[in-house]
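Engineer: Structure below; questions to follow.
The values are calculated or read from the model by the stated rules, or taken from the named source; none is laboratory data. Fair warning: this is a prediction, and the values are worked out from it, not measured in the lab. Here the Cβ is made from the backbone with ideal geometry for all residues, glycine too, and neighbour counts use every protein chain on show.
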4 protein chains.
Amino acid sequence: MIGGGQGAFIGAIHRIATRIDDHYELVAGAFSSNPEKAKASGEELGLSPDRVYGSYKELIEKESQLPENVRVQVISIVTPNHVHFEPTKLALESGFHVVLDKPMTFSLEEAKELKKIVESTGKLFCLTHTYTGYPMVKEARQIIASGKIGAVRKVYVEYPQGWLSTFLEGEDNKQASWRTDPGKSGIAGAMGDIGTHAFNLSEYVTGLQVTKLNADINIVVEGRKLDDDGAVLLKYNNGASGVLMATQIAAGDENNIKIRVYGEKGGIEWQQDIANTLLIKYLDKPTEIWRTGGGYTSGYVTTNMRAPAGHPEGYLEAFANLYKNFALTVKAQLEGAAATPEMLDFPGVEDGVRGMAFVENVIASGKSDQKWTDFTI
Amino acid sequence: MIGGGQGAFIGAIHRIATRIDDHYELVAGAFSSNPEKAKASGEELGLSPDRVYGSYKELIEKESQLPENVRVQVISIVTPNHVHFEPTKLALESGFHVVLDKPMTFSLEEAKELKKIVESTGKLFCLTHTYTGYPMVKEARQIIASGKIGAVRKVYVEYPQGWLSTFLEGEDNKQASWRTDPGKSGIAGAMGDIGTHAFNLSEYVTGLQVTKLNADINIVVEGRKLDDDGAVLLKYNNGASGVLMATQIAAGDENNIKIRVYGEKGGIEWQQDIANTLLIKYLDKPTEIWRTGGGYTSGYVTTNMRAPAGHPEGYLEAFANLYKNFALTVKAQLEGAAATPEMLDFPGVEDGVRGMAFVENVIASGKSDQKWTDFTI
Amino acid sequence: MIGGGQGAFIGAIHRIATRIDDHYELVAGAFSSNPEKAKASGEELGLSPDRVYGSYKELIEKESQLPENVRVQVISIVTPNHVHFEPTKLALESGFHVVLDKPMTFSLEEAKELKKIVESTGKLFCLTHTYTGYPMVKEARQIIASGKIGAVRKVYVEYPQGWLSTFLEGEDNKQASWRTDPGKSGIAGAMGDIGTHAFNLSEYVTGLQVTKLNADINIVVEGRKLDDDGAVLLKYNNGASGVLMATQIAAGDENNIKIRVYGEKGGIEWQQDIANTLLIKYLDKPTEIWRTGGGYTSGYVTTNMRAPAGHPEGYLEAFANLYKNFALTVKAQLEGAAATPEMLDFPGVEDGVRGMAFVENVIASGKSDQKWTDFTI
Amino acid sequence: MIGGGQGAFIGAIHRIATRIDDHYELVAGAFSSNPEKAKASGEELGLSPDRVYGSYKELIEKESQLPENVRVQVISIVTPNHVHFEPTKLALESGFHVVLDKPMTFSLEEAKELKKIVESTGKLFCLTHTYTGYPMVKEARQIIASGKIGAVRKVYVEYPQGWLSTFLEGEDNKQASWRTDPGKSGIAGAMGDIGTHAFNLSEYVTGLQVTKLNADINIVVEGRKLDDDGAVLLKYNNGASGVLMATQIAAGDENNIKIRVYGEKGGIEWQQDIANTLLIKYLDKPTEIWRTGGGYTSGYVTTNMRAPAGHPEGYLEAFANLYKNFALTVKAQLEGAAATPEMLDFPGVEDGVRGMAFVENVIASGKSDQKWTDFTI
């Protein structure tokens, strides 16, 4: 693991996610750019001291020199955005598979470069857009792909948070500080942090691609340097339209990312707060409450849950599903076997490129007087 | 009553609304432009045949000639949009108070003219934006006005319907036919029919006014002549931004108009499906579930409900609240008494002018390549 | 109307219920045993002074003497329980149809007597168990009767209120006072007031009859004279078992009466708080959300609603359905026509007898050391 | 780990629970009484073959002989009920701490014996009543203990499942088979499997103890040997009353264990389907929605969650909380430190004894003609 030392949030989440299904063992880490913190973090995590490194470069270099059956197979990179590209590039080029926290890079330029590197090295790559790890999100995608609700016409996707309603970055809050710092987050705040999740979710569930956008991007809290609120009108490649709302100033809201998709014959609705439920709507029949554990769901649900129906699984399990499917794909590759479609259903470098394109296009649109901006990569 | 004959939908709703609180008696009507239907409707409603008229003109003329203590005091006008202005004008100028179904007129021009007439005649006028009749919508307005959630920063208002997902106007459906007919509805379909409700709700609840908008207006169902879907980015006069979604092609959805408003210190959330509930959110305290009948609510709730806490009241009661408050205001005027703020809390001609301005501005924005359109009247 | 003068609660509700569908006109009343209050109430309601009577006897006697086309056709009786039997008996025997507030009488003895009177006079009789007026409650009954969920095995019915959590009868609260007074309510408090509703709902929805019960009846609030809390284990005549919970000391709860029924193949769930929704559950399919206004519902829904799908109707409309169906049945009788099953679907004297038997049996069981008490009439 | 081999359900859940917080490493196991299955299970789990044992006796004996810093510290026992007592006794007496799946034993006699053994050996013991691991269940207990809702008056606890609605044990279903087999489950079916959870939850949350019960216990599905349905009226040691419902024939229901407690001044409500939410009700204030991650919660919430507010945690995390707190308590003991109250908040041997007493008392009451049965141990 690179990043995720003491005080970090997402690193700990990644570690839990790797442990849930027992496909990973954490054996080496470069947890911080601060060597003392790196060491302390490694110790706390029970690693052998000789595999706690002072920098990502050292980690990759030293691990490469270890015998194949000893060295790490997969490297998780959980650093802030500005330290995504370089370690990922080095890891891939040194022969490691990589799991990388989103958004993929600091800029679209880097993202496109990374895509080439993934393709040329042939290593496996996973980008942790967590929400596509939820079983009922996967099921929503399958249902829409099956034609059950007809051609998609309208998408509403929203990610309302309230935690940045005040000038938290002025209060020594680590999470708030780097997320609102252009030097660490890039050109976008809320749009990069959560807008990319909403964007990714909408493309994943519908199987469509955004072709145009029209954005209202705001800095609401005085003194903030990056956007903390935005709403975007979307056009998709089949002619459908959409609305994406992402905000960090929805005072009192938590994290209830939600998507509604309407087709010619019906609709689907999913939200994180009731993550084990998927609503399927029809023009002329009662709405159905699909549930994880229901005997009628596809393999995309059954392979991505652990407890029987009615025992709720949540965010950590969704995260674990990404890691699990990635592990099974790595394993299949090692064994020369074919990965199943369910295994391969994790976000990859293409999602990362489109996510960074979203960031650049949406910020450009926000600054433009032109109504519709083409979604360019 | 003018309009609302056999086969009409909203006329029957208006009549129920007038009966609930026993402030009105229906004594005269011009229920249809078709004289036979008009007569039959009057008979069915048990009216004296000599007060069932063949046209609105006849109704107004004849009623004017009746003794003051016999003739109607208030005229309800529930015709399609293109027959709003003329009867309302004539009724007001003939000395009657008027309750008019929304949207106020066929065009903004007519709306502005009507405003002048209301002002010059001094008659009372109510426009039936039903949703502002819900007690918890009124409470939301009071709470925001009180400063409890701080200055408003963000508004999400949505009105997703699915009933026009197919080409229903091709199937001899009266409701679908006039609503999708530019000759009867005016320049807007969904935006006029339900977009105006959402717009009105957002201005009512926040106490703010829209100053700019940026609209994506669509005709989704093939062959349709007016918009059946749209999303609008909004700017309000205090700098807040908003998103308005109104669609009639959300297959499987019913009528769940919903509003969320976020301020510096908290937020409110209301939706028609759970109309007796209002959520109040805070930055640092648990969300509260405010309920009609709760001992902590203001007079705007207690004067607009009839049954004890926990006995749900719905759409018809919200509608009845408009009529009841209008009646109490008329009564107060007759008695030379001052109407209370609660009585005066019904939508009027100013709401109507702004609603028609919304229709014209939003359709103009939908057709424009310019990103932001000023909200002009 | 008999009872329901100034300060009363349920009388006003009955009057709204009669007005909603315009099948009734209130023309006469004996609103209070206090003559001044009776007069003032009549005046407030706009009745002709000569038809405002000082007692129910006077009302029935004088109205009987009026010409058939002038005198009242239906008498609503909305007095406290101890003044149910006598006026109802007199009204029926004087040739009037009667609508009576529940519970039917002060004692089971009276109830059985009343049943004989209804049968011998041949007059129509409705007992206002409001909850069976909800369209989705009616639909639940139809669905179970159709065999869709198989033979019923288990029933949970609950009616949790919190308004009597304190000694309210000590505070000059009219509603609390008579309900907790054995001289006015009879031998039961909560069990008579709301337990009978829950009991009636369970028999109505399942089509079954209780044959045995095992009750825990409590007086929780110090100083109270009648039960304010109870739970009852039930056996039905097909072998199914049930649990009935009715309490008035569920602090913070309102009025969310709820029923769940499980059969061999599925279940149904309904609760007043989301009254327009009925959940249908299956062993092997997704739960379905049935809604008033859904195109798939039976005539028991469509004839008992007024506004299109998604415009919530509530308690007052459920109440109005009882009155409306009763009126249509009266009308059919007058016209010598057959009432439809939908019209006839209102609670009657048999429900009243069983309700009073419930009261007597449940209180007896509460006092008994014997586990199961036979349900005797 | 003892038990939990291939095909088992709860063993896998226990293993996930141990991994989530990284306080445990699985190093030895006796996974099955079938030696081949035991071996295969150990291999699948990546254990060293010399620590995969053929029986629990072998495991305990051999592990005891290993050096202290090598041998297991805690033994998880996840066998069916009839193989709980012996291995637990042996493990404790051999010096190991034990985590045991519920219900604690096959009989109350065994339970009381086990209690003595725990006390005499001084080893730590945890019984996995999962639901008390949910942060908001813990918070409910704290809130009630604090007096916020006043003295408890009424408890409703329910655990409706539908999975045994058919004769599943006739279809080679391992989970159904042992649970409905008196030789493996003991004298109770549903009451032992889920009734004990409901019972434990009610005593845990209220801090009260049941003193009397009055049970209706049923075998609903033909051919079944143990109860699959029951409802129990309860009396608690402060005079409060309660209703416990546990059923496995609620067709279409999953696993939504739910508790409502009402006191003099308010109430609490929690259910597993929305596990991160706790409702707090008041007599005179709006109901509050308390959430994991809310800044206003106690340390019992903050120490038992992992992701920020709004990222749902579920059943596996609740399970993990038991293991985590047990580990921290073990660790504190090893370090000679005092465990915090939060660490010590896991179910223990006393819960187990009371749970088995519940099983015996409730089955006895079900068979008795006597109304109230004293809760005896």
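Engineer: If the Cβ limit is 7 Å and pairs must be 6+ apart or interchain, which residue in region B:68-85 that is assigned by TED's automatic domain parsing to the domain that holds B:D22 pairs with which residue that is basic (K, R)?
Structural biologist: B:P80/B:K184; B:N81/B:K184; B:H82/B:K184
Engineer: Does B:S146 qualify as being free of Cβ contacts under 8 Å to residues at least 40 places away in the same chain and farther than 25 Å from B:Q6 by Cα?
Structural biologist: yes
Engineer: Taking the options C:I289, C:I219, C:I257, name whichever one is more than 9 Å from chain D (Cβ to nearest Cβ), buried (at least 24 other Cβ atoms within 10 Å of the Cβ) and either more than 19 Å from B:H311 (Cβ to Cβ) or not basic (K, R) (or both).
Structural biologist: C:I257
Engineer: Just the residues that are part of a strand (DSSP E or B), more than 7 Å from chain C (Cβ to nearest Cβ) and not basic (K, R), please, taken from region D:232-254.
Structural biologist: D:V232, D:L234, D:Y236, D:G242, D:L244, D:A246
Engineer: Further question on the same structure: Within region A:174-184, count every residue that is surrounded by fewer than 24 Cβ atoms within 10 Å (Cβ to Cβ) and within 15 Å of A:I363 (Cα to Cα).
Structural biologist: Number of matching residues: 1.
Engineer: Take region B:204-215 and flag every residue that is touching a strand residue (DSSP E or B) at 6+ places or on another chain (Cβ under 9 Å) and either surrounded by fewer than 22 Cβ atoms within 10 Å (Cβ to Cβ) or outside the structural domain of B:G242 (by TED's automatic domain parsing) (or both).
Structural biologist: B:G207, B:Q209, B:T211, B:K212
Engineer: Take the residues in region C:136-150 that are assigned to a loop (DSSP other than H, G, I, E, B) and closer than 11 Å to C:G266 by Cβ; name whichever of them is farthest from the other protein chains (Cβ to nearest Cβ).
Structural biologist: C:G147
Engineer: Further, regarding this structure: Away from chain C (no Cβ under 14 Å) and modelled with pLDDT of 95 or more: does that describe D:K331?
Structural biologist: Considered against the rule, which asks whether it is away from chain C (no Cβ under 14 Å) and modelled with pLDDT of 95 or more, D:K331 comes out as yes.
Engineer: For region B:182-210, give me each residue that is part of a loop (DSSP other than H, G, I, E, B), within 14 Å of B:N238 (Cα to Cα) and among the aliphatic types (A, V, I, L, M).
Structural biologist: Passing the criteria: only B:L208.
Engineer: Of the conditions (1) assigned to a helix (DSSP H, G or I); (2) free of Cβ contacts under 8 Å to residues at least 12 places away in the same chain, C:G336 satisfies every one except a single condition; which number is it?
Structural biologist: Here C:G336 clears every test but (1).
Engineer: Pairs only if they're at least six apart or on different chains, beta carbon under 9 angstrom, first in region B:3-28 and aromatic (F, W, Y), second assigned to a loop (DSSP other than H, G, I, E, B); list them, first residue then second.
Structural biologist: Cβ pairs passing all conditions: B:F9/C:A307; B:F9/C:P308; B:Y24/B:Q73.
Engineer: Additional query: Looking only at region A:65-81, how many residues end up being surrounded by fewer than 16 Cβ atoms within 10 Å (Cβ to Cβ) and not aliphatic (A, V, I, L, M)?
Structural biologist: Of the residues in region A:65-81, 4 are surrounded by fewer than 16 Cβ atoms within 10 Å (Cβ to Cβ) and not aliphatic (A, V, I, L, M).
Engineer: Evaluate the following for D:T130: is it within 29 Å of D:Q370 (Cα to Cα), buried (at least 24 other Cβ atoms within 10 Å of the Cβ) and out of contact with any Ser or Thr (no Cβ under 7 Å at 6 or more places or on another chain)?
Structural biologist: Answer is no for this residue.
Engineer: So, one more: Considering region B:201-216 alone, what residues qualify as being over 13 Å from the mean Cα position of the chain (by Cα) and hydrophobic (A, V, I, L, M, F, W, C)?
Structural biologist: The answer is B:V205, B:L208, B:V210, B:L213, B:A215.
Engineer: Filter region B:36-61 down to residues that are surrounded by 14 or more Cβ atoms within 10 Å (Cβ to Cβ), without any contact (Cβ under 8 Å) to a residue 24 or more places away in the chain and not in a loop (DSSP other than H, G, I, E, B) and give me whichever is farthest from the chain's Cα centre (by Cα).
Structural biologist: Going through the qualifying residues, I end up with B:K39.
Engineer: How many of the residues making up region B:151-162 are assigned to a loop (DSSP other than H, G, I, E, B) and surrounded by 23 or more Cβ atoms within 10 Å (Cβ to Cβ)?
Structural biologist: 2
Engineer: Also, I was wondering about something else. One residue is enough: does region C:316-338 have a residue meeting the conditions crowded, with 19+ Cβ neighbours inside 10 Å, touching a Ser or Thr at 6+ places or on another chain (Cβ under 8 Å), under 30 Å from C:S165 (Cβ atoms) and among the aliphatic types (A, V, I, L, M)?
Structural biologist: Checking region C:316-338: at least one residue is crowded, with 19+ Cβ neighbours inside 10 Å, touching a Ser or Thr at 6+ places or on another chain (Cβ under 8 Å), under 30 Å from C:S165 (Cβ atoms) and among the aliphatic types (A, V, I, L, M).
Engineer: Across region D:176-200, what is the total count of residues that are more than 16 Å from the chain's Cα centre (by Cα) and among the charged types (D, E, K, R)?
Structural biologist: 2
Engineer: Oh, and also: For region D:273-283: of the residues being surrounded by fewer than 24 Cβ atoms within 10 Å (Cβ to Cβ) and more than 9 Å from chain C (Cβ to nearest Cβ), which is farthest from A:R291 (Cα to Cα)?
Structural biologist: Among residues in region D:273-283 that are surrounded by fewer than 24 Cβ atoms within 10 Å (Cβ to Cβ) and more than 9 Å from chain C (Cβ to nearest Cβ), the one farthest from A:R291 (Cα to Cα) is D:T277.
Engineer: Every residue in region A:226-264 that is touching a Ser or Thr at 6+ places or on another chain (Cβ under 6 Å), within 17 Å of A:A190 (Cβ to Cβ) and free of Cβ contacts under 8 Å to residues at least 60 places away in the same chain, please.
Structural biologist: A:L226, A:D229
Engineer: If B:F106 meets every condition in (1) out of contact with any Asp or Glu (no Cβ under 9 Å at 6 or more places or on another chain); (2) within 14 Å of chain A (Cβ to nearest Cβ); (3) part of a loop (DSSP other than H, G, I, E, B); (4) surrounded by 19 or more Cβ atoms within 10 Å (Cβ to Cβ) apart from one, which number is that one?
Structural biologist: With (1) out of contact with any Asp or Glu (no Cβ under 9 Å at 6 or more places or on another chain); (2) within 14 Å of chain A (Cβ to nearest Cβ); (3) part of a loop (DSSP other than H, G, I, E, B); (4) surrounded by 19 or more Cβ atoms within 10 Å (Cβ to Cβ) applied to B:F106, the lone miss is (2).
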